[in-house]
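Student: Below: one structure in structure tokens.
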Ligand SMILES: [Zn+2]
């Protein structure tokens, strides 16, 4: 029997084709099996995942949280739109007005302020005192014997008996200082200004007794000069 001679070159080509065919077939089978496995797994897993009470509860929880978040956001938004925004973030002012600290005496420039104008709350901006009621008490803190109008300053008796004065704006209620009944005598201040003094200002029992002394932290005040007086 004579063996048929097959050239070496043809053998290498044939073997290469066989290898490629094998790999292609294997690849197709592998992809087909992967696809089948994916279809089977998706059909079995999907109903299980969506059908559990856990997933339903989770969805409800998310839903409730979202509703709560919406509620909170709307509440905060309404508060924010409630026309109050602090007018200062100065650390000294905040320490005095929100934590009740007392500034060092003689340190406030407003202690030496002589111009005519109004002293507004540094936190909310309402007018609290003015130059008509300012006087030099010698205490080292800006001092006034009257406030501007009823309700703009409120009072609170402290544990040690001192009378605290605070901003009368209920949304602010910043600490201002204290009131003592050792201010000037009524005869030493202009009668017209005295007659216009708010009836809510603290007074002693005697009508001719000492007027109040509002001992106020300068850090709680912002001075604004009266334009009309400035032009005169
Ligand atoms: Zn205020």
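Only the coordinates and a few stated rules stand behind these numbers; no lab work does. Worth saying up front: this structure is predicted, and the values here are computed from it rather than measured. Note that each Cβ is placed from the backbone with ideal geometry, even for glycine, and that neighbours are counted across all protein chains shown.
Student: Pairs of Cα atoms under 8 Å, at least six residues apart: use those to get the relative contact order of the stretch 94-203, whole percent.
Tutor: Over the stretch 94-203, the number comes to 22 percent.
Student: Which three lengths, in whole Å and largest first, does the stretch 91-227 cover when its Cα atoms are put on their principal axes?
Tutor: Here the Cα extents, ordered largest to smallest, are 40, 40, 28 Å.
Student: Based on alpha-carbon centroids, what's the gap between the stretch 158-232 and the stretch 132-151 in Å, whole number please?
Tutor: Taking the Cα centre of the stretch 132-151 as reference, the centre of the stretch 158-232 is 5 Å away.
Student: Sort 131-144, 179-192 for me by packing, meaning the mean count of neighbouring Cβ atoms within 10 Å per residue, highest on top.
Tutor: Going by the mean number of other Cβ atoms within 10 Å, highest first, we get 131-144, 179-192.
Student: Here's a follow-up. By count of other Cβ within 10 Å, fewest leading, how are 88, 148, 107 ordered?
Tutor: Ascending Cβ contact count within 10 Å gives the list 107, 88, 148.
Student: Please give the contour-minus-distance gain from residue 160 to residue 136: 0.36 nm per residue of separation, less the Cα-Cα distance, rounded to one decimal in nm.
Tutor: 6.1 nm
Student: Counting other C-beta atoms within 10 Å, which of 113, 227 has the fewest, and how do the rest follow?
Tutor: Going from sparsest to densest Cβ surroundings: 227, 113.
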